[in-house]
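Peer 1: This is the structure I have questions about; it appears just below.
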Amino acid sequence: MSGVDVDMLRGEITMQQVLDESRFRTTHGDGDQLRGPCPVHGSTSPHSRAFSVNLREGRSYWHKCKSHGKELELYAAVKDTTVYQAASESGSTGGNVGFSTSILTHLGRRLY
């Protein structure tokens with residue numbers, strides 16, 4: 001994974017950016033603690049609470065599979081890859097790590 005500073009990347013993206021990228025929609029909660037359908041596993045109920053996230057702490061919990069993680073772990077799960085695989089792909093995509101334009105704009109393409 002030469003040339004990719006994963007620790008810097010972890011510090012640069014926010015949970016809200018990952019949720020926006022995954023098209024997560026809140027069904028319960030307010031402020032920093034939100035719940036809704038799991039962006040990884042989906043849901044058959046429009047009122048699902050199978051996924052929980054704390055925006056302030058940048059932590060998420062997937063009740064269906066009992067997994068948890070921070071921003072990059074959630075992003076990798078949504079994209080069905082590993083954190084390191086996503087980061088290593090940045091070398092071949094010009095530092096994009098597979099993120100959308102909105103996240104790249106925030107990062108300012110500062111991956112080297």
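Peer 1: Can you run phi through the Karplus equation (6.51, -1.76, 1.60; θ = phi - 60°) for segment 67-78 and list ³J(HN,Hα) in whole Hz, with x for Gly and Pro?
Peer 2: 9, 8, x, 9, 4, 5, 5, 5, 4, 5, 5, 4
Peer 1: Here is a follow-up. Could you give the length gained by full extension between Thr14 and Ser45, i.e. 0.36 nm per residue of separation minus their alpha carbon distance, to one decimal place?
Peer 2: 8.5 nm
Peer 1: On to the next question. Can you put Met15, Met8 in order of Cβ neighbours within 10 angstrom, beginning with the fewest? Each step should come with its number before you reach the end.
Peer 2: Values: Met15 22, Met8 12.
Lowest to highest Cβ neighbour count: Met8, Met15.
Peer 1: If you stretched the chain out fully between Asn54 and Asp80, how much longer would it get, using 0.36 nm times the residue separation minus the C-alpha to C-alpha distance?
Peer 2: 7.2 nm
Peer 1: Using 0.36 nm times the number of residues separating Arg23 and Lys66, minus their current alpha carbon distance, what extension gain do you get?
Peer 2: Using 0.36 nm per residue and subtracting the Cα-Cα distance, I get 13.4 nm.
All of the numbers you see were taken from the coordinates with simple rules; none came from a lab. Please read these numbers as outputs of a predicted model, since none were measured by experiment. Note: ideal-geometry Cβ built from the backbone for every residue, glycine included; neighbour counts use all protein chains shown.
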